[in-house]
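The values are calculated or read from the model by the stated rules, or taken from the named source; none is laboratory data. In this text, all values refer to a predicted model and were calculated from it rather than measured experimentally. For neighbour counting, all protein chains shown are included, and Cβ atoms are generated from backbone atoms with ideal geometry for every residue, glycine included.
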Amino acid sequence: MKYTQYITKRRMRVVGIGGRVNIPWGTVLPVAGDFIQHNGKALCGVRSRTARQFFYGYDPSNPEAEIKRQQAVEALLATSPKEDGDALALPWNPWNKYGHLAEMPGMCVWEWDPAVEDLPQAAAEYLLACTKSGAKPWEVPET
């Protein structure tokens with residue numbers, strides 16, 4: 001999702017692209033190009049690790065609902081399906097609609113696809129419940 005503004009989710013004390021910053025919680029910052037701006041200087045890229053760590057996308061028409069949706073997606077991205085790697089690797093497994101197994105030396109790691117970041121809140125919470133319980137999304141009726 002493309003945002004024109006971002007809001008800090010916690011105090012930000014870092015060295016950004018434009019230099020050292022100290023930004024309080026709840027500050028709304030504009031976007032220019034693909035960079036979040038602070039005092040007219042680029043702070044960080046909108047898809048960077050710093051942006052994910054310190055900012056939520058800000059929707060001025062419905063900020064609270066959008067932040068709750070992003071929190072649900074953030075919690076989902078911090079988990080993975082509780083199936084073993086063999087079952088997840090099967091092409092017909094419905095979890096493959098949302099991500100894939102990435103091979104690392106000596107192990108496989110679940111990686112969510114970028115499209116998961118745009119899921120509606122209800123869908124993100126539903127998938128999160130499935131990852132926590134070990135249930136398969138196609139076996140649990142949606143509430």
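Condition check for F35 on (1) at positive phi; (2) crowded, with 16+ Cβ neighbours inside 10 Å: one failure, at (1). Can you name the residue in region 44-57 that is part of a helix (DSSP H, G or I) and among the basic types (K, R) and, of all such residues, is farthest from G16 (Cα to Cα)? Across region 44-57, the extreme among qualifying residues is R52.
Yes/no matrix, rows are residues, columns are (1) closer than 30 Å to F35 by Cβ; (2) polar (S, T, N, Q); (3) surrounded by 18 or more Cβ atoms within 10 Å (Cβ to Cβ):
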{"position": "Y58", "(1), (2), (3)": "yes, no, yes"}
{"position": "E74", "(1), (2), (3)": "yes, no, no"}
{"position": "E83", "(1), (2), (3)": "no, no, no"}
{"position": "W92", "(1), (2), (3)": "no, no, no"}
{"position": "H100", "(1), (2), (3)": "yes, no, no"}
{"position": "G106", "(1), (2), (3)": "no, no, no"}
{"position": "E111", "(1), (2), (3)": "yes, no, no"}
{"position": "P114", "(1), (2), (3)": "yes, no, no"}
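Condition check ((1) in a loop (DSSP other than H, G, I, E, B); (2) among the hydrophobic types (A, V, I, L, M, F, W, C); (3) outside the structural domain of K68 (by TED's automatic domain parsing); (4) modelled with pLDDT of 95 or more) across all residues:
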position: K2; (1), (2), (3), (4): yes, no, yes, no
position: R10; (1), (2), (3), (4): yes, no, yes, no
position: V14; (1), (2), (3), (4): no, yes, yes, no
position: V21; (1), (2), (3), (4): no, yes, yes, no
position: W25; (1), (2), (3), (4): yes, yes, yes, no
position: P30; (1), (2), (3), (4): no, no, yes, yes
position: A42; (1), (2), (3), (4): no, yes, yes, no
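Restricting region 47-88 to residues that are polar (S, T, N, Q) and closer than 17 Å to C130 by Cβ, the residue that is nearest to the chain's Cα centre (by Cα) is T79. Of all residues in region 89-134, those being under 20 Å from the mean Cα position of the chain (by Cα) and small (G, A, S) number 7.
Residue by residue, here is whether (1) under 28 Å from T4 (Cα atoms); (2) hydrophobic (A, V, I, L, M, F, W, C); (3) part of a helix (DSSP H, G or I); (4) touching a residue at least 24 places away in the same chain (Cβ under 8 Å) holds:
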| residue | (1), (2), (3), (4) |
| --- | --- |
| D59 | yes, no, no, yes |
| E66 | yes, no, yes, no |
| V73 | yes, yes, yes, yes |
| D86 | no, no, yes, no |
| A102 | no, yes, no, no |
| A115 | yes, yes, yes, no |
| K132 | no, no, yes, yes |
| A135 | no, yes, no, no |
